[in-house]
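Let me give you the structure first, and then I'll get to my questions.
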There are 2 protein chains.
Amino acid sequence: MAASDQSKDACYYQEWMNLQEEELSELNQATNGCTSNVELSSLIDKIMSHFEDYMKQRTLMARADVSPYFAPTWCSSLERSVLWIGGCRPSSYIRLIYALCGIEIESQLTEFLHGVRLGSLGQLSARQLSMVDELQRKTIREERSLSTRLASLQEDLLDNPIATMAVAASGGGGGGGSSDNVEAALDKHGHSMTAILEEADRLRLGTVKEIVRILTPRQAVDFLAAGKKVRLCMQEWGKKRDLDHGRIN
Amino acid sequence: MAASDQSKDACYYQEWMNLQEEELSELNQATNGCTSNVELSSLIDKIMSHFEDYMKQRTLMARADVSPYFAPTWCSSLERSVLWIGGCRPSSYIRLIYALCGIEIESQLTEFLHGVRLGSLGQLSARQLSMVDELQRKTIREERSLSTRLASLQEDLLDNPIATMAVAASGGGGGGGSSDNVEAALDKHGHSMTAILEEADRLRLGTVKEIVRILTPRQAVDFLAAGKKVRLCMQEWGKKRDLDHGRIN
């Protein structure tokens, strides 16, 4: 494995975060201007296809070396502390919609008072709300099933052959078992971790796709913009807190 | 907050790992020699009291700044990838007993063949096995309940007020909301994370205490030695893999 794996992963992530910033400003322009539904849809398609490409590339990189993806050093401590299987909890996308509805309802009050139009997510129809609700239940079910699989995998690590090799180590803590056996067992564990990461990524992507399908183009643009804003703010707040606590990444 | 928080946490952890190495060699000496049950029990008490002190100190440090404890940079990527709420899964201690029973059963075969006595964990009585089994079910129940609480906490992060503040940020991704509001909301989130970490630590400590109560002194010494061996091996294997992949911590 090349000595630059870590920096390659970190660079790729930084490129992705830069793209988030660019996409956010495109989304903001689209919401503020008089953009047609066709134009909005094509912007959404472009953004979703970037997301899909990112997931594909990330999968390839994780297959080469998965463990950093579960607690990436290229994120701040704050971001790492809220990770679920190497990324965002898919159900949190849906929580964001509900949070935005609340914000939008307040904004409409403001609009009523000041005549300013702020957004579209306060206008979800009853049918849309029930589809979002159904999606939330399905997503939480799949999240739970992946969490359980990850838990079993973590427990299995202490079964044979890894426990045997560790315990078979002679004397005070030296790495037990023959080096080849250890490498093989850890590689096998790594493959299972990669499979779970891939499924979590698939669930993240699938959930956003479903949400975009449920929403109108204008609502989807507002949703994607809000998601990216939250993501970028978390990064900024996390960096600031790391600096305040004397942590350098 | 002092600029040296991170290195203080990392140093304290390294001291703890050094103590693990010392304790392991004490445990190995005790198993190999003709140590009396009274002497074994006093060694076990000493080790358990170190564990308790470590948990107390760690809690104090986490209260000052919790987020690094969920994915500590002072561990290797391999160790971080198998963390559960800032540490070992409590149920994995029990999995280790079952793994050791298996090893011990094989070892007794070896003993029969070569006349060498290797350990005591293959000799768990039916009563002990049923107590271990009961403890496992109780531990998994409590683990699940803590996992669910952590999941809710992670989802809550996207509710108001954090989502509102992020979305209210003007323009392209600049940290939204007034800085004081953001700090207050993140501090509140941090306090809840600390509370969960403390409960997870309490469950870890409680589980090991229960195990030691179920086992005879000689079995408990074998169990503690095996646990420390596995822990130290994981650190060594993790460091090696980080080096192989060009990661420096």
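Name the pairs: first residue in region A:230-249 and more than 24 Å from A:Glu23 (Cβ to Cβ) and at pLDDT below 90, second residue part of a helix (DSSP H, G or I) and of a type outside the set (Ser, Thr, Tyr), Cβ to Cβ under 6 Å, at least 6 apart or on different chains?
A:Arg241/A:Leu78; A:His245/B:Asp5; A:Gly246/B:Asp5; A:Gly246/B:Gln6; A:Arg247/B:Gln6
Is there any pair with a first residue in region A:58-81 that is more than 9 Å from chain B (Cβ to nearest Cβ) and a second that is crowded, with 17+ Cβ neighbours inside 10 Å and at pLDDT below 85 whose Cβ atoms are under 8 Å apart and which are 6 or more apart or on different chains, and what are they?
If the second residue must be crowded, with 17+ Cβ neighbours inside 10 Å and at pLDDT below 85, the pairs left are A:Met61/A:Asp9; A:Trp74/A:Asp9.
Going by the structure shown, is B:Ser77 more than 13 Å from the chain's Cα centre (by Cα), among the small types (Gly, Ala, Ser) and at pLDDT below 90?
Judged against the criteria, B:Ser77 is a match.
Name, by its number, the condition in (1) buried (at least 22 other Cβ atoms within 10 Å of the Cβ); (2) more than 21 Å from A:Arg95 (Cβ to Cβ); (3) at pLDDT 90 or above that does not hold for B:Arg141.
(1)
Results for (1) touching a His at 6+ places or on another chain (Cβ under 9 Å); (2) more than 27 Å from B:His245 (Cβ to Cβ); (3) assigned to a helix (DSSP H, G or I), shown as yes or no for each residue.
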{"site": "A:Ala30", "(1), (2), (3)": "no, yes, yes"}
{"site": "A:Thr35", "(1), (2), (3)": "no, yes, no"}
{"site": "A:Ile47", "(1), (2), (3)": "no, yes, yes"}
{"site": "A:Lys56", "(1), (2), (3)": "no, no, yes"}
{"site": "A:Leu60", "(1), (2), (3)": "no, no, yes"}
{"site": "A:Arg80", "(1), (2), (3)": "no, no, yes"}
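Is region B:182-204 home to any residue that is of a type in the set (Lys, Arg) and modelled with pLDDT under 90?
Within region B:182-204, one or more residues are of a type in the set (Lys, Arg) and modelled with pLDDT under 90.
Hey, another quick one. Determine if region A:94-113 includes at least one residue that is within 30 Å of B:Leu83 (Cα to Cα), surrounded by fewer than 21 Cβ atoms within 10 Å (Cβ to Cβ) and at pLDDT 80 or above.
Within region A:94-113, one or more residues are within 30 Å of B:Leu83 (Cα to Cα), surrounded by fewer than 21 Cβ atoms within 10 Å (Cβ to Cβ) and at pLDDT 80 or above.
On to the next question. Considering each residue of region B:201-222, count those that are under 30 Å from B:Val66 (Cβ atoms) and either within 13 Å of chain A (Cβ to nearest Cβ) or polar (S, T, N, Q) (or both), and give that number.
Residues meeting the conditions: 1.
Can you name the residue in region B:20-45 that is of a type outside the set (S, T, N, Q), within 14 Å of chain A (Cβ to nearest Cβ) and more than 20 Å from the chain's Cα centre (by Cα) and, of all such residues, is surrounded by the fewest Cβ atoms within 10 Å (Cβ to Cβ)?
Taking the candidates together, the pick is B:Glu26.
Among (1) at pLDDT below 90; (2) out of contact with any helix residue (DSSP H, G or I) (no Cβ under 7 Å at 6 or more places or on another chain); (3) within 30 Å of B:Gly238 (Cβ to Cβ), which single condition is A:Leu60 missing?
(1)
Failed condition for A:Ala163, given (1) over 30 Å from B:Leu224 (Cα atoms); (2) more than 25 Å from the chain's Cα centre (by Cα); (3) at pLDDT below 85, with all others met?
The failed condition is (1).
Taking region B:194-249 as the search range and keeping residues that are assigned to a helix (DSSP H, G or I) and in contact with a Phe, Trp or Tyr (Cβ under 7 Å, 6 or more places away or on another chain), which one is nearest to B:Met55 (Cα to Cα)?
If we take residues in region B:194-249 being assigned to a helix (DSSP H, G or I) and in contact with a Phe, Trp or Tyr (Cβ under 7 Å, 6 or more places away or on another chain), then B:Leu205 is nearest to B:Met55 (Cα to Cα).
Does A:Glu52 meet the test of being acidic (Asp, Glu), without any contact (Cβ under 8 Å) to a residue 60 or more places away in the chain and more than 14 Å from every other protein chain (Cβ to nearest Cβ)?
Judged against the criteria, A:Glu52 is not a match.
Which of the residues that make up region B:146-160 are part of a loop (DSSP other than H, G, I, E, B) and either at pLDDT below 70 or more than 8 Å from chain A (Cβ to nearest Cβ) (or both)?
Once the filter is applied, which keeps residues that are part of a loop (DSSP other than H, G, I, E, B) and either at pLDDT below 70 or more than 8 Å from chain A (Cβ to nearest Cβ) (or both), region B:146-160 yields B:Leu158, B:Asp159, B:Asn160.
Something else about it: Just to be sure I understand the filter: pairs with C-beta atoms under 8 Å, separated by 6 or more residues or on different chains, first member in region B:146-163 and among the acidic types (Asp, Glu), second member at pLDDT below 85. Which pairs pass?
Taking only residues 6 or more apart or on different chains, the pairs are B:Asp159/A:Ala99.
The values are calculated or read from the model by the stated rules, or taken from the named source; none is laboratory data. Everything numeric in this text was worked out from a predicted model, so none of it was measured. Note: ideal-geometry Cβ built from the backbone for every residue, glycine included; neighbour counts use all protein chains shown.
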